[in-house]
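Working notes for the structure below.
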Amino acid sequence: MSEIAQDDPPVSVPLPEKLDYAACCELCERLGAQTDAGLSIDASLVSFLSARAVEILLVAQARCAESGLSFFVSDPSASFISSLAALGLDHNDLKFEGET
């Protein structure tokens with residue numbers, strides 16, 4: 001395994017507008033392939049966020065935390081935030097850019 005530099009910038013992962021089942025399968029593969037760098041999740045275009053997509057993001061966040069890598073959601077759309085709330089989650093469940 002290669003050494004992981006804490007100063008390496010996180011890999012930017014833009015989320016699609018609609019995170020339905022098909023998009024979740026692709027997202028799971030993309031996030032699972034990123035093991036050597038932190039993740040910056042761009043949620044600016046999200047208009048539909050499924051519970052499965054949130055589960056994938058929470059797992060990726062936990063994996064990054066276990067590996068000492070950064071993870072954050074950047075520029076969440078209003079739909080992204082309201083979908084989290086509808087699922088009973090808030091900013092305390094996912095780390096957002098600028099939070100420590």
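Summary of values
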item	result
Residues of the stretch 76-98 classified as farther than 15 Å from Pro10 by Cα, touching a residue at least 12 places away in the same chain (Cβ under 8 Å) and not small (Gly, Ala, Ser), total	7
Residue within the stretch 22-44 that is at pLDDT 90 or above, among the basic types (Lys, Arg), surrounded by 12 or more Cβ atoms within 10 Å (Cβ to Cβ) and not in a helix (DSSP H, G or I) present	no
Residues within the stretch 71-94 that are in contact with a Ser or Thr (Cβ under 9 Å, 6 or more places away or on another chain), buried (at least 18 other Cβ atoms within 10 Å of the Cβ) and in a loop (DSSP other than H, G, I, E, B), tallied	1
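The values are calculated or read from the model by the stated rules, or taken from the named source; none is laboratory data. Note that the structure is a prediction, hence the values are computed from the model and not measured. Positions of Cβ are generated from backbone atoms using ideal geometry, with glycine treated the same way; all protein chains shown enter the neighbour counts.
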